[in-house]
Amino acid sequence: MADQIRVLIVDDIPETRDHLAKLLSFESDFEVVGSAASGREAFEIAAQVSPDVVLMDINMPDMDGIATTERLAAEVPTASVVMMSVQGEADYLRRSMLAGAREFLVKPFSSDELTSSIRQVYTREREKMSRIAVQQDAGTSAARAADAGRASGEPGRVIAVFGPKGGVGRTTLAVNLAVAAATELGQRTCLVDASFQFGDVGVLLNLNPKNKSVADLVPELEGGDPDVVDTYLINHSSGIRVLLAPPSPETAELITPGGAKRMIEILSRDHDLVVVDCQSSFNDTTLSILDLADTVLTMLSLEITSIKNIRLFLEVADQLGYDADKVRLVLNRADSSLGIRVADVEHSIGRRVDHTIVSDGRSVVYALNRGVPFFLSNREAQVSQDILRLANAVVGTRPAEAGAADKKAAQKKSMFAWR
C-alpha cells in the first residue's frame, strides 16, 4: 500500500472542517489525522500528530493562519502548509508565501483543485527531502562538502551575478537562484545586494533595509569587528539570509573595494553559498567582488547592445586572467523571437552560451509586483525549472583559482572605457 498523506484541517467553521474531511475521505491516499478550530489548537495538534500537509484557513481567532504557519515552519518543519482564503488578493498570497505556505487556494475551490494541490505539495516536499538525504548519505551533498570545507578552513562558494548592461534580469536571477539553492539543494545561502546605489533585492523580497544594510556593515568591518555581520543579515521566509543595499544612493560612497571584499570573505565563512547581485557599472568595488568570486554568472539577452557589452566584458575578463570556467554566460529570455538566434550570439562573442533561461514575463512580473520570488509562487513553471537547473550546475563546483587578480590590479583603472 502506498504511503498515505497525513492531513490536518484547520478552519474556525465546523461545517467547513467536516466538508473538507468528507472530500478527502473519498481519496485512498489521504488520511485526516486531526482538525482544529484555531491557530493555537492547530499548533498543539500538529506537534503531536506530525502531519504531512496542513490545510490552513487564513482568517481565524486567537492566531491567524499566517502567524500559525510561521510558527509551524519554525517548530514543525515537516508540515507543509496549504493556505485557504476567500480573498485572492496578491497581498494575501504574498504574506502567506513569506510565512512559509507552499500553496494558496481561493475559496470556493473544487475537489480536484484541493486534492491536486495537496498531492503536489506533498510530492514536492518528499522529493526535496529525498534529494537532500541521498546526497548526504552518499557524501556528495554540496552542503556537506561545504561544511567539511569550513571545518578545514575552506570558505563557502561565492557566485557573482553580473551584467554589463542593465535590464537583462540580473537581480531577478540572483534572488531566485539563491532561493532555489536554499529550498531545493539544502544550501545555507546568503544573498548580497551589491548594487549599492539602486539595489532592488529588497523590493523583490518585500524587505525593508532600515538600519540593516551594506552601508552600515562595511564601516564596522573595516573597524575590525567581524562578529557584527549576523546583526545586519535579514532572515527571509524561504530560508535565505539577505544583506540589503543602502536605502539611499549617496551612502553607497561609504563602501570601499576593500570593505566589500572583507564583507564577502566573512560571509563565505558562515555560509555554503554567497550569491552577490553586482551592479552593472564596472568599477573598483565591483571588480573586487568579481575577483573574489568562484563563479561569475554573466547575464545577456538577445539584443545588440547586450551582445556588444558582453563581448567587451569577456575581453576584460581575459586580460584580468580569469579562468575560462570562472565566467559563465547566462542567456535570459532565450526563446524570445527578436530576430537574433542563440547561434548568432555565440558566433558574435566567440564562445558558447553556458546556460539559458526561458522568457516568462507573466510569472516574473507577477511575482515581482507581489514581492514573492517566482521560484516559490510558481515552482512548476519552466522558468523556475531553468533556475533550478542553473543552481544545480553552479552549486558544488569551484573553478580553478583565477590567480591573476592581484597581479593585474594596476590594469584595472584603464579598463573602464569599454562600458
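The values are calculated or read from the model by the stated rules, or taken from the named source; none is laboratory data. All values reported here derive from a predicted model rather than from experimental measurement. Cβ coordinates were reconstructed from backbone atoms using ideal geometry, including for glycine residues, and neighbour counts include every protein chain displayed. The protein model used for the area step is the full one, side chains on, heavy atoms only, and it has no ligands, DNA or RNA in it. Shrake-Rupley method; radii C 1.70, N 1.55, O 1.52, S 1.80 Å.
Taking segment 78-103 as the range and being in a helix (DSSP H, G or I), open to solvent by less than 60 Å² (accessible area, probe 1.4 Å) and more than 15 Å from G39 (Cα to Cα) as the test, the residues that pass are A90, Y92, L93, R94, M97, L98.
Give me a count of the residues in segment 31-65 that are over 25 Å from D3 (Cα atoms), under 29 Å from the mean Cα position of the chain (by Cα) and assigned to a loop (DSSP other than H, G, I, E, B). Working first, answer last.
Our first condition is that a residue be over 25 Å from D3 (Cα atoms); within segment 31-65, this holds for 37-41, 57-65.
Those still in the list that are under 29 Å from the mean Cα position of the chain (by Cα) too: 39, 57-59, 63-65.
Subsequent filtering for residues that are assigned to a loop (DSSP other than H, G, I, E, B) retains 58-59, 63-64.
Total meeting the criteria: 4.
Taken over segment 349-367, residues that are within 29 Å of D200 (Cβ to Cβ) and either loosely packed, with under 14 Cβ neighbours inside 10 Å or within 19 Å of the chain's Cα centre (by Cα) (or both) amount to 13. Filter segment 277-296 down to the residues that are touching a Pro at 6+ places or on another chain (Cβ under 8 Å), open to solvent by 10 Å² or more (accessible area, probe 1.4 Å) and of a type in the set (S, T, N, Q) and list them by number. Result: S280, T285, S288.
Is it the case that E75 is under 18 Å from S116 (Cβ atoms), open to solvent by 60 Å² or more (accessible area, probe 1.4 Å) and in contact (Cβ under 8 Å) with a residue 12 or more places away in the chain?
Judged against the criteria, E75 is not a match.
Can you say whether E31 is without any contact (Cβ under 8 Å) to a residue 12 or more places away in the chain and farther than 30 Å from V203 by Cα, as far as the supplied structure shows? The answer is no for E31.
Conditions tested, residue by residue: (1) closer than 29 Å to L205 by Cβ; (2) open to solvent by less than 10 Å² (accessible area, probe 1.4 Å).
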site: D18; (1), (2): no, no
site: A21; (1), (2): no, no
site: A36; (1), (2): no, yes
site: R119; (1), (2): yes, no
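Screening T68 against (1) in contact with a helix residue (DSSP H, G or I) (Cβ under 8 Å, 6 or more places away or on another chain); (2) open to solvent by 30 Å² or more (accessible area, probe 1.4 Å); (3) in a helix (DSSP H, G or I); (4) not acidic (D, E) leaves a single unmet condition, (2). Could you say whether any residue in segment 300-323 is surrounded by 19 or more Cβ atoms within 10 Å (Cβ to Cβ), within 30 Å of L93 (Cβ to Cβ) and modelled with pLDDT under 85? So far as segment 300-323 goes, yes, one or more of its residues are surrounded by 19 or more Cβ atoms within 10 Å (Cβ to Cβ), within 30 Å of L93 (Cβ to Cβ) and modelled with pLDDT under 85.
Does segment 233-250 contain at least one residue that is assigned to a helix (DSSP H, G or I) and hydrophobic (A, V, I, L, M, F, W, C)? Within segment 233-250, none of the residues are assigned to a helix (DSSP H, G or I) and hydrophobic (A, V, I, L, M, F, W, C).
For A367, the test of being at pLDDT 70 or above, assigned to a helix (DSSP H, G or I) and within 21 Å of A180 (Cα to Cα) is passed. Go through segment 144-181 and give me each residue that's modelled with pLDDT of 90 or more and over 24 Å from F313 (Cβ atoms). Across segment 144-181, the qualifying residues are V179, A180, A181.
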